[in-house]
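Chemist: Before we start, here is the structure in question, set down as structure tokens.
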Amino acid sequence: MALVITDVSAGYGGVTVLRNVSLALAEGEILGVLGRNGMGKTTLIRCLAGLIEPTTGTITLGGENITDLAPHERARRGVATVVQGRGIFPRLSVRENLTMGRVAGASARRDRTDEVLGYFPRLGERLAQAAGTLSGGEQQMLAIGRALMTDPKVMLLDEPSEGIMPVLVQQIAAIVTAINRQAGLTIIIVEQNVPMVFGMTDRCIILEKGRIVAQGSRDEVSRSEVMKEYLAI
Ligand SMILES: Nc1ncnc2c1ncn2[C@@H]1O[C@H](COP(=O)(O)OP(=O)(O)OP(=O)(O)O)[C@@H](O)[C@H]1O
Ligand SMILES: [Mg+2]
């Protein structure tokens with residue numbers, strides 16, 4: 001298993017948000033995480049990225065226990081995170097943002113600049129431009145490109161479609177799927193955009209109040225009562 005999450009709970013200042021979440025991702029799998037606002041999706045991503053410490057449970061990456069590792073140590077071992085709202089460096093150029101990704105990863109690993117610019121030619125045309133002046137869609141591409149520059153084993157994407165027009169959402173979905181297929185990258189994608197996730201993933205979970213309340217294939221999840229309620233809102 002590429003990533004195993006066992007009985008993880010976490011929260012903020014004594015308030016529990018994520019409750020006893022257990023999940024195992026096979027190498028090369030894409031897992032979709034669905035759920036309404038405030039259900040703990042970002043909290044799950046933060047736990048995996050090392051940005052908050054779980055109060056219970058363990059996280060292993062390729063068999064190694066990474067539960068207590070700092071975010072940069074996880075990045076070196078191959079966990080790349082595209083945070084909600086993108087988290088790029090607005091004053092730095094596109095090129096500098098990509099370089100930051102390379103530095104954050106394992107330096108011995110390969111340089112993936114050409115590959116990243118192959119996936120996102122728009123970035124190649126804007127290498128000298130300040131990242132903060134890119135369009136929302138381009139910033140999302142840069143955030144994904146920077147994550148890929150770390151040469152990761154696992155990529156965590158938190159709502160990449162947020163605030164992006166539908167045609168670009170489709171493009172981003174297609175590129176992330178291609179990255180998964182070509183690079184065999186294991187991916188967790190948090191999304192409110194259900195069709196996007198269903199088009200990309202083998203398996204989904206639905207989080208409600210920090211718990212996994214449904215999981216399975218696209219068909220299994222669509223048939224669940226939870227999903228019917230979720231789609232009705
Ligand atoms: N830094 C924080 N301090 C205190 N509470 C927080 C913090 N971040 C999130 N929370 C709370 O934890 C709960 C889950 O938040 P989280 O961001 O994980 O939700 P989410 O599922 O990602 O929602 P969204 O779809 O709106 O991004 C919410 O009630 C939120 O208010
Ligand atoms: Mg969130």
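Chemist: Quick check: the distance between the Cα centres of the stretch 125-139 and the stretch 182-233, to the nearest angstrom?
Modeler: 31 Å
Chemist: For the chain, what is the charge dipole size about the Cα centre, in debye to the nearest 20, if Lys and Arg each add +1 at the Cβ and Asp and Glu each add -1 at the Cβ?
Modeler: Result for the chain is approximately 320 debye, rounded to the nearest 20.
Chemist: Report ³J(HN,Hα) in whole Hz for each residue of the stretch 22-33, in order, from the Karplus equation J = 6.51 cos²θ - 1.76 cosθ + 1.60 where θ = phi - 60°; Gly and Pro get x.
Modeler: With coefficients 6.51, -1.76 and 1.60, one gets 10, 7, 10, 10, 6, 4, x, 7, 10, 10, x, 10 Hz.
Chemist: Further question: Determine the dipole magnitude for the stretch 94-157: charges of +1 sit on the beta-carbon of Lys and Arg, -1 on that of Asp and Glu, nothing else is charged, the reference point is the Cα centre, and the result goes in debye to the nearest 20.
Modeler: 160 debye
Chemist: Another question, then. What does the extension gain come out to for residue 16 and residue 202, with contour length at 0.36 nm per residue minus their alpha carbon separation?
Modeler: Extra length from residue 16 to residue 202 when fully extended: 64.0 nm.
Chemist: Note down the accessible area of residue 125, probe 1.4 Å, to the nearest 10 Å².
Modeler: The accessible area comes out at roughly 140 Å².
Chemist: Per DSSP H run of at least 4 residues, take -39500 (n - 2.57); add these up for the chain, divide by its residues and hand me the 222 nm value, nearest 500 deg cm²/dmol.
Modeler: So the calculated ellipticity at 222 nm is -11000 deg cm²/dmol.
Chemist: In the chain, carbon and sulfur make up what percent of the accessible area (probe 1.4 Å)?
Modeler: 51 percent
Chemist: Per residue, how many Å² of accessible area does the chain show with a 1.4 Å probe?
Modeler: 45 Å²
Chemist: Of 167, 83, 116, which is the most mobile in a GNM of the chain whose springs link Cα atoms less than 10 angstrom apart?
Modeler: Among 167, 83, 116, the largest GNM mean-square fluctuation belongs to 167.
Chemist: If you rank 39, 165, 141 by how much accessible surface each has, with a 1.4 Å probe, what is the order from largest down?
Modeler: Of 39, 165, 141, the descending order of accessible area is 165, 39, 141.
Chemist: Running a GNM on the chain with Cα contacts under 10 Å, which residue among 82, 221, 15 ends up with the highest mean-square fluctuation?
Modeler: 15
Chemist: For the stretch 200-213, what does the Karplus curve 6.51 cos²θ - 1.76 cosθ + 1.60, with θ = phi - 60°, yield as ³J(HN,Hα) per residue in whole Hz, taken in order and with x for Gly and Pro?
Modeler: 10, 10, 8, 8, 10, 10, 10, 9, 9, 6, x, 10, 7, 9
Chemist: Work through the residues other than residue 202 whose Cβ is under 9 Å from its Cβ and net out their charges, Lys, Arg +1 and Asp, Glu -1.
Modeler: Residues close to residue 202 contribute a combined charge of +1.
Chemist: Follow-up question, since we're still on this one. Of 141, 65, 206, which is farthest along the charge dipole of the chain in the positive direction, counting Lys and Arg as +1 and Asp and Glu as -1 at C-beta?
Modeler: Result: 141, furthest along the dipole toward the positive end.
Chemist: Give me the one-decimal nm value for the distance between modelled label points at residue 162 and residue 53, 7 Å along each residue's Cα-to-Cβ direction.
Modeler: 2.6 nm
Chemist: Can I ask one more? Note the direction-averaged projected area, equal to a quarter of the hull surface, for the Cα convex hull of the stretch 57-147, in nm².
Modeler: Details: hull surface 25.9 nm².
Reported value for the Cα convex hull: 6.5 nm².
Chemist: Given charges of +1 on the Cβ of Lys and Arg and -1 on the Cβ of Asp and Glu, with all other atoms neutral, how large is the dipole of the stretch 191-233 about its Cα centre, in debye to the nearest 20? Intermediate values should be presented prior to the final figure.
Modeler: Values: 6 positive and 7 negative charges, 15 e Å.
Once rounded to the nearest 20, the dipole reads 80 debye.
Chemist: State, as an integer percentage, the relative contact order of the stretch 25-77 based on alpha-carbon contacts under 8 Å between residues 6 or more apart.
Modeler: 23 percent
The values are calculated or read from the model by the stated rules, or taken from the named source; none is laboratory data. This is a predicted model, so every value here is computed, not measured. Positions of Cβ are generated from backbone atoms using ideal geometry, with glycine treated the same way; all protein chains shown enter the neighbour counts. Protein only, heavy atoms only, side chains kept; ligands, DNA and RNA dropped before computing areas. Shrake-Rupley method; radii C 1.70, N 1.55, O 1.52, S 1.80 Å.
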